[in-house]
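The values are calculated or read from the model by the stated rules, or taken from the named source; none is laboratory data. Note that the coordinates shown come from a computational prediction; the quantities given were computed from them, not determined experimentally. Here the Cβ is made from the backbone with ideal geometry for all residues, glycine too, and neighbour counts use every protein chain on show. Each accessible area value is taken on the protein alone, full model and side chains, heavy atoms only, with ligands, DNA and RNA left out. Shrake-Rupley method; radii C 1.70, N 1.55, O 1.52, S 1.80 Å.
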There are 2 protein chains.
Amino acid sequence: MRTFIVLGHRATTNPDFSLEDIPGTSGRLDILCRCINAAFVLSHGIRRDVQVFLVLGGGEPHKTLWLKGQELRHLNPDERTTAALLKKALALAAEREWSRSTPGISVRAGGLEELLQDLRSMKLFYLREDGADVRSTCSDISGGAFLLGDHLGMLPEEELLAEEAGAEIVSVGPVSLHADHCIVLLNWLIDTGSV
Amino acid sequence: MRTFIVLGHRATTNPDFSLEDIPGTSGRLDILCRCINAAFVLSHGIRRDVQVFLVLGGGEPHKTLWLKGQELRHLNPDERTTAALLKKALALAAEREWSRSTPGISVRAGGLEELLQDLRSMKLFYLREDGADVRSTCSDISGGAFLLGDHLGMLPEEELLAEEAGAEIVSVGPVSLHADHCIVLLNWLIDTGSV
């Protein structure tokens, strides 16, 4: 299982955003939609061995969305259709426990701290520009959880949480890339056994 | 200079598509928008050393769009904004010569044959699932032109044009990926000097 955790610092926690202007009305949920595409979409199907957690920090309480490749349905590659799926999940009342929206998509109240607690049995890799090249790590990344920031990077308290969770700080190379492009690369590095 | 050529077999050649339903009304221009993002977008800017040609086959005559990183402005990472730029270019009267739309975006009538003729001085790499691993090629790919199909793959006459242009058939690995993900990988392979 490959696990991607993406932080959307201003990403809205409510469904009242416009599908006609996702970047302008949703706190950049478009970034997270592209990460979903990068994580799951293959030329002829969906990666079933992937799960994605989106941590939405644009409302109180924070919410977390959980997308499971094993169960996902109705996922198209375009941003708008993906945003519509997220909108549906955000319309549910988010409790402390996971509530299922459409197949493979669940939501709950809570943010990064709760999530890292749940995933504490996994090896955590925190993607940061100045990290060591992921190809040089001695750890097996294939079953790891990858933590990625959005366009705002990572807050000090999030860095601390990652550190406390024993995260290894890695990068995918010399050029600073968007989170979705990093996910494409991580999938490929694992596919090709390059790490 | 890195050059990406993407074929949109049903991609509309006229601007009368809906930004509210790009996949359903434009002959899958959304695929080409994601390729533009993959080719140009960096975390803090635009790749200036990249150019992209989109060959639109969803109308007669075919049209070709040319995006030049050196001059591009107003490019946001989301699909809708990119589609709006393409819509603007398609509203121009396309002649045999390039007509400039917004900065860095031009359009002309004509398809793959004319384009490959223009680019004949470049080494051409045709991305196909059963190609040799691009990392094993002896050719220098950094200044090459990469030809990619959309969800419909490549037509026999296009294969023939590629062959006549001396294209080397390569792939990016064992898993069949969408064109935009291939572009992310090619950019990264060149960035990291992996090929």
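Shown here for the range A:51-150: GluC sites (Glu not before Pro) in loop regions (DSSP other than H, G, I, E, B) with at most 10 other Cβ atoms within 10 Å, namely A:GLU97. Sorted shortest first, the separations between the A:GLY166 label point and its copies elsewhere in the assembly read 5.6 nm; each point sits 7 Å from Cα along the Cα-to-Cβ line. A 1.4 Å probe run over the protein chains yields, for chain B, 40 Å² of accessible area per residue, whole-number rounding. Normalising the average separation of contacting C-alpha pairs (under 8 angstrom, six or more residues apart) by the number of residues puts the relative contact order of the range B:1-55 at 51 percent. Compare each residue of the range A:1-22 in its chain alone against the assembly with all protein chains, and report those whose accessible area goes down by 50 Å² or more; 1.4 Å probe, heavy atoms. Checking the loss per residue gives A:GLU20. With a threshold of 24 Å on the Cα-Cα distance, the over-threshold entries among A:LYS68/B:LYS87; A:LYS87/B:LYS88; A:LYS63/A:LYS87 are A:LYS68/B:LYS87; A:LYS87/B:LYS88.
Rounded to whole Å, the principal axis extents of the Cα atoms in the range B:42-195 read 42, 39, 28, largest first. Near A:GLY153, once Lys and Arg are set to +1 and Asp and Glu to -1 for all other residues with Cβ below 10 Å from its Cβ, the sum equals -3. Principal semi-axes of the equivalent ellipsoid, √(5λ) from the alpha carbon gyration tensor of the range B:141-195, are 21, 15, 8 Å from largest down. Interface A-B: total buried accessible area of about 2800 Å², 1.4 Å probe, protein heavy atoms only. Computed from the alpha carbon positions, the gyration tensor of the range B:1-100 leads to an equivalent ellipsoid with semi-axes of 20, 16, 12 Å, biggest first. Remark on the range B:72-100: accessible area falls by at least 50 square angstrom from chain-alone to full-complex state for B:PRO77, B:ASP78, B:GLU79, probe 1.4 angstrom. For the range B:1-40, the calculated P(r) over all alpha carbon pairs, in 5 Å bins from 0 to the bin holding the longest distance, is 6, 23, 30, 21, 13, 5, 2 percent.
Relative contact order of chain A: 25 percent, from C-alpha pairs under 8 Å at least 6 residues apart in sequence. Taking B:ILE46, A:ILE169 and ordering them by how much accessible surface each has at a 1.4 Å probe, largest first, produces A:ILE169, B:ILE46. Of the residues making up the range B:33-56, those losing 20 Å² or more of accessible area when the isolated chain is joined by the remaining protein chains, with a 1.4 Å probe, are B:ARG34, B:ASN37, B:VAL41, B:LEU42, B:SER43, B:HIS44. For the range B:40-195, give the percent of accessible area contributed by carbon and sulfur heavy atoms, probe 1.4 Å, rounded to a whole number. Carbon and sulfur together cover 50 percent of it. Over the protein assembly as shown, the alpha carbon radius of gyration divided by the compact-protein estimate 2.2 N^0.38 Å works out to 0.97.
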